[in-house]
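Asker: To start, I am sharing the structure in question, which I have written as structure tokens.
The values are calculated or read from the model by the stated rules, or taken from the named source; none is laboratory data. Since this is a predicted model, take the numbers as computed values, not measurements. Don't worry about glycine lacking a Cβ; one is built from the backbone with ideal geometry, like all the others, and counts go over all protein chains shown.
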Amino acid sequence: MTATAAAVAFIVYSCKGKLGEAETIVLSETPVQSVDDMFIVQSENGMIQMRAEAPLMEKYERDTLSFELFPKGFYVYGYTDEGMLETEIVADNARHLRYTDGRESWEAFGNVVVKNLINQEVMETDTLYWDQKNEKIHTDCYVKLYSPKGFMQGYGMESDQRARNSVIFRPFNSYGIVVQDSTEVFIDSVNFIGPLQKK
């Protein structure tokens with residue numbers, strides 16, 4: 001055997017030992033598109049209506065539907081007709097499903113927090129669904145709702161998509177906050193004429 005043939009045989013043998021098989025790829029479980037730092041703005045007549053942000057978006061294609069997953073968090077901001085920020089929705093995960101028959105659904109899950117900044121209301125739940133066609137949000141899960149009027153909790157909630165009119169279906173152990181007590185007496189010590197009440 002010549003020196004050249006021996007060198008070629010050695011290279012082929014040494015490379016053969018190091019080569020391995022590629023991992024099996026399941027196409028239905030592999031995203032067809034990935035987007036880092038996603039940022040979407042929806043506007044109408046020059047006024048912003050909605051803004052959505054996510055650190056990661058993964059798009060998947062199946063036979064009957066396609067969907068996007070947001071495994072690292074999802075943030076949605078809704079604005080009034082005048083362009084004021086009104087609603088914030090934050091979740092650990094989200095999913096947007098598109099069916100071949102044209103139907104769509106949005107789901108947010110994992111530490112979902114919905115804020116209406118104008119009404120000063122904060123709602124917390126585990127899962128939230130957005131009915132885009134009817135412009136409503138809803139859940140069947142446990143819900144906590146904090147507002148200037150008090151605290152409510154229960155199971156199941158529905159509201160318009162701006163979280164302006166939230167209704168809890170099965171409330172329990174809720175309480176109100178007294179903003180002004182009608183029995184409180186205010187004494188104006190400067191303008192009051194007569195004896196002051198003892199404290």
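Asker: When only residues in the range 61-74 that are surrounded by fewer than 18 Cβ atoms within 10 Å (Cβ to Cβ) and not hydrophobic (A, V, I, L, M, F, W, C) count, which is nearest to L128 (Cα to Cα)?
Answerer: G73
Asker: Here's something else I'd like to know. Under the condition of being of a type in the set (D, E) and not in a loop (DSSP other than H, G, I, E, B), which residue from the range 148-185 is modelled with the highest pLDDT?
Answerer: E158
Asker: Next question. Working carefully through the options G102, G110, G73, find the one that is closer than 16 Å to I40 by Cα and either among the small types (G, A, S) or in contact (Cβ under 8 Å) with a residue 40 or more places away in the chain (or both).
Answerer: G73
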